[in-house]
Amino acid sequence: SAVISQKPSRDICQRGTSLTIQCQVDSQVTMMFWYRQQPGQSLTLIATANQGSEATYESGFVIDKFPISRPNLTFSTLTVSNMSPEDSSIYLCSVAGQGLTEAFFGQGTRLTVV
Amino acid sequence: AQSVTQLGSHVSVSEGALVLLRCNYSSSVPPYLFWYVQYPNQGLQLLLKYTSAATLVKGINGFEAEFKKSETSFHLTKPSAHMSDAAEYFCAVSDRGDTGRRALTFGSGTRLQVQP
């Protein structure tokens, strides 16, 4: 299994500002994923972050709004840029387990934009 | 494209009663299937997974699920509900990597309430 640490666990931000969320894994992993969970809803994949290449974004998500870094095999960041109240969500980092047969999740970052 | 349908956004059972949470999937290839649980203000915890071994999968906390290809279903059950089972449950599907997509597709979730 993989242990994932996300920082911050929660934050309240002013609209128009940006927040960078960090995801640290206790082992080297090839694939990391960022999900968004809007209030009372399910998880939606934002992007897949592979080390050494550009992140792959899902429909409806763009790099200018959600830039992602993946500098090595144990770390990634997601930035939520120019925030608005509609960005208030839980953002979760996830990694694929060995053999890609399961996924592990961080505790999430609860973001509130005011 | 993969999709997951969870029937019933809210399920309420009495303590000690059978828990049945429904999940149907759609996938162009034989999938991997998962059930996750999310307690309030926490991340997701894997309950169990199906990866083409036994069709009846046993997970943690007394939960199990049966993969039925003919019904494209992967319903989650527990014989006797406990108050601590109250949480949000998500069914998820992934392909086997054949299409290059390895992220999970989640259902809309089912909130389980357990009444004393």
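A few notes on this one:
- Given (1) exposed (fewer than 15 other Cβ atoms within 10 Å of the Cβ); (2) small (Gly, Ala, Ser); (3) more than 14 Å from every other protein chain (Cβ to nearest Cβ), index of the condition A:Ser59 fails: (3)
- Given (1) within 13 Å of another protein chain (Cβ to nearest Cβ); (2) hydroxyl-bearing (Ser, Thr, Tyr); (3) surrounded by fewer than 17 Cβ atoms within 10 Å (Cβ to Cβ); (4) under 12 Å from A:Leu19 (Cβ atoms), index of the condition A:Tyr91 fails: (3)
- Filter pass, A:Thr77 being closer than 26 Å to B:Pro31 by Cα, of a type in the set (Ser, Thr, Tyr) and surrounded by 13 or more Cβ atoms within 10 Å (Cβ to Cβ): no
- Output for the range B:47-68, where each listed residue is closer than 19 Å to B:Val29 by Cα and either surrounded by 18 or more Cβ atoms within 10 Å (Cβ to Cβ) or without any contact (Cβ under 8 Å) to a residue 12 or more places away in the chain (or both): B:Lys49, B:Tyr50, B:Thr51, B:Ala53, B:Ala54, B:Glu66, B:Phe67
- Strands (runs of 3 or more DSSP E) contained in the range B:1-93 and holding at least 1 residues touching a helix residue (DSSP H, G or I) at 6+ places or on another chain (Cβ under 9 Å) and of a type in the set (Phe, Trp, Tyr): B:32-38
- Among the numbered conditions (1) within 14 Å of chain A (Cβ to nearest Cβ); (2) open to solvent by 20 Å² or more (accessible area, probe 1.4 Å); (3) hydroxyl-bearing (Ser, Thr, Tyr), the only one that B:Tyr36 does not meet is (2).
- Residue satisfying all of: in the range A:1-16; surrounded by 12 or more Cβ atoms within 10 Å (Cβ to Cβ) and in a loop (DSSP other than H, G, I, E, B); farthest from the chain's Cα centre (by Cα) among these: A:Arg15
- Pairs, first at positive phi in the range B:95-113, second modelled with pLDDT under 85, C-beta under 8 Å, six or more apart: B:Gly97/A:Leu100
The values are calculated or read from the model by the stated rules, or taken from the named source; none is laboratory data. A quick note: this is a predicted structure, and the numbers were derived from the prediction, not measured. Please note: Cβ atoms are built from the backbone with ideal geometry, for glycine as well, and neighbour counts cover all protein chains shown. We work out accessible area using only protein heavy atoms, side chains counted, and drop any ligands, DNA or RNA first. Shrake-Rupley method; radii C 1.70, N 1.55, O 1.52, S 1.80 Å.
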